[in-house]
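The values are calculated or read from the model by the stated rules, or taken from the named source; none is laboratory data. Not measured: the values here are computed from a predicted model. No Cβ is skipped: glycine too gets one built from the backbone with ideal geometry, and neighbour counts run over all protein chains shown. Just so you know, the surface numbers come from the protein's heavy atoms only, side chains and all, with ligands and any DNA or RNA stripped out. Shrake-Rupley method; radii C 1.70, N 1.55, O 1.52, S 1.80 Å.
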Amino acid sequence: DTIPLQHGAHRIGNRTDADMQRWRDLRFGQFIHWGVYAIPGGMWDGKVYNGAAEWIRSWKEMPHEAYDQLYKQFNPVKYNPADWAQQAKNMGAKYMIITTKHHDGFCLWPSKYAKYTIANTPYKKDILGPMVEAYNKAGIDAYLYFSIIDWNHPDWRTSIKSPADSMAMARFKVFVKNQLKELLDRYPTVKGFWFDGTWDESWKNDGAFSDELEQYLQQLHPGLIIGSRLRADEKGARHFDSNSRLMGDYEQGWERKLPNTIADVHGNDWEGVMTVPENQWGYHQQWFGHVKSANELIEMLVKSASLNGNFVLNFGPKPDGTFRTEEQELMRNIGRWMQVNGSAVYGTGYAGLEKPDWGYYTRKTGTDTVYMVVCNVPVNGNLRVKLPAKQSIAKAWALEQPGVALQPELVSRDEYFIPVEQKVYTSPLVIVMKLEQQQRGQGNFE
Ligand SMILES: C[C@@H]1N[C@@H](c2cn(-c3ccccc3)nn2)[C@H](O)[C@@H]1O
């Protein structure tokens, strides 16, 4: 039996409206973390910061006063949003999430509610407007990342320890509402918010406000898509309310990790966000540890779609407004594969088949078209395809050779082998299958 909640989930099950279906069909997004933290780029005073570059202000080696002067040097003279949008389009991204304000509180737009903004840098001009416009022009939807944590604002509190704290936080919440309305007024084509920095007590213990804020934004801009990270219920439960019901429009907890099985997603819409190095969102001059390859990231993207989720890959532009070469290279290499094989990702979801060893199945939503994305070619030269009872393969072909029908061999009841060419593969191979209900009497297996 459920606990009565005023500020828990207000909907059971996924959203069924067109805006949400559009979000699902996009499947592949580009995250951009850009701000003052790009200037030090993970280094200060000749020393390397081993944490995430966008957190450098919290590093003991970086005096707050020193960081808080850096905005006076922010001048991305090479910033060219049309070029960014073109590179993202070439990569195959269908939506983009941009940090309007990260935890440091620096605003990439000339907010009239703050001084710590782009307006007071040498660059002066609004960064967000031209970016949203350029991406939308390239056919890419725009979403706004917004950090509730704001290290720059005098009224932000991580916890409420006194009446003075309560009054400060009350002022801060008005400031948050004002900035969010300002963002919607300035950039009306945005499709949603990506909230972050909502783990502190001050927020967790104010579930009512997070609920009111979500409803306020939906009234301002019906159809907005907002993930579960914004929300807490009145008992301090986050993402899932005290009755284990998902709050928000999709599960937003998959940060630098992905679900492994369809059971892990509990039937909810979800989105995974991923860094190229192990844990850098903002620009870091020295990437250390494992840097993911195009094929690794393509596999994560396909794995996400195969489990009914979206995949968002992060980029951290340099202080001059350009992407580092490794990131430009990645966008080209991922794009080359998406150019040919994107139909195995866009508008697809969980195929309802048992996960095979050789890779992933995705199903074009609502159809009998199933894609086989082969990441591990079996040494026995055959792709084993196990179908639910009474289903069979009507047709199968390699996506790149639509005219050449493959010959699946029925090797046991509802199980086929599809031969796969033994050669060097430099990227995942995609095979398309049309499934059908089994004709009566086909196959002579008991
Ligand atoms: C999307 C990512 N979320 C921000 C983040 C993550 N975290 C964090 C904090 C504590 C534990 C694990 C992760 N803190 N800030 C990162 O800075 C980046 O913006």
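Could you check, for region 76-87, whether at least one of its residues is touching a residue at least 24 places away in the same chain (Cβ under 8 Å), in contact with a strand residue (DSSP E or B) (Cβ under 7 Å, 6 or more places away or on another chain) and buried (at least 24 other Cβ atoms within 10 Å of the Cβ)? There is no residue in region 76-87 that is touching a residue at least 24 places away in the same chain (Cβ under 8 Å), in contact with a strand residue (DSSP E or B) (Cβ under 7 Å, 6 or more places away or on another chain) and buried (at least 24 other Cβ atoms within 10 Å of the Cβ). Cβ-Cβ below 7 Å, separation at least six or inter-chain, first residue in region 43-57 and closer than 12 Å to TRP281 by Cβ, second away from the ligand (no atom under 16 Å from the Cβ) and at pLDDT 95 or above: which pairs? Cβ pairs passing all conditions: ILE56/TRP44.
Restricting THR369, THR426, THR362, THR348 to residues that are closer than 28 Å to GLU296 by Cβ and loosely packed, with under 14 Cβ neighbours inside 10 Å narrows the list to THR426. Evaluated against (1) within 16 Å of the ligand (Cβ to nearest atom); (2) assigned to a loop (DSSP other than H, G, I, E, B); (3) open to solvent by less than 10 Å² (accessible area, probe 1.4 Å), SER111 falls short on exactly one condition, (1). Among the residues of region 72-94, are any within 16 Å of the ligand (Cβ to nearest atom) and basic (Lys, Arg)? Looking for residues that are within 16 Å of the ligand (Cβ to nearest atom) and basic (Lys, Arg), one finds none in region 72-94, hence no.
Residues in region 388-424 that are in a strand (DSSP E or B) and in contact (Cβ under 8 Å) with a residue 40 or more places away in the chain: GLN391, SER392, ILE393, ALA394, ILE418. Of the set (1) touching an Asp or Glu at 6+ places or on another chain (Cβ under 6 Å); (2) free of Cβ contacts under 8 Å to residues at least 24 places away in the same chain; (3) not charged (D, E, K, R), all apply to TRP151 but (2).
Taken together, the residues in region 265-311 that are closer than 26 Å to LEU429 by Cα and of a type outside the set (A, V, I, L, M, F, W, C) amount to 16. When residues in region 129-154 are screened for being open to solvent by 40 Å² or more (accessible area, probe 1.4 Å) and either within 13 Å of the ligand (Cβ to nearest atom) or in a strand (DSSP E or B) (or both), 1 of them pass. Filter region 196-253 for residues that are assigned to a loop (DSSP other than H, G, I, E, B) and within 14 Å of the ligand (Cβ to nearest atom); which is most open to solvent (accessible area, probe 1.4 Å)? Here the residue is TRP199. All conditions but one from (1) open to solvent by 10 Å² or more (accessible area, probe 1.4 Å); (2) in contact (Cβ under 8 Å) with a residue 24 or more places away in the chain; (3) more than 16 Å from the ligand (Cβ to nearest atom) apply to GLU61; the one that does not is (2).
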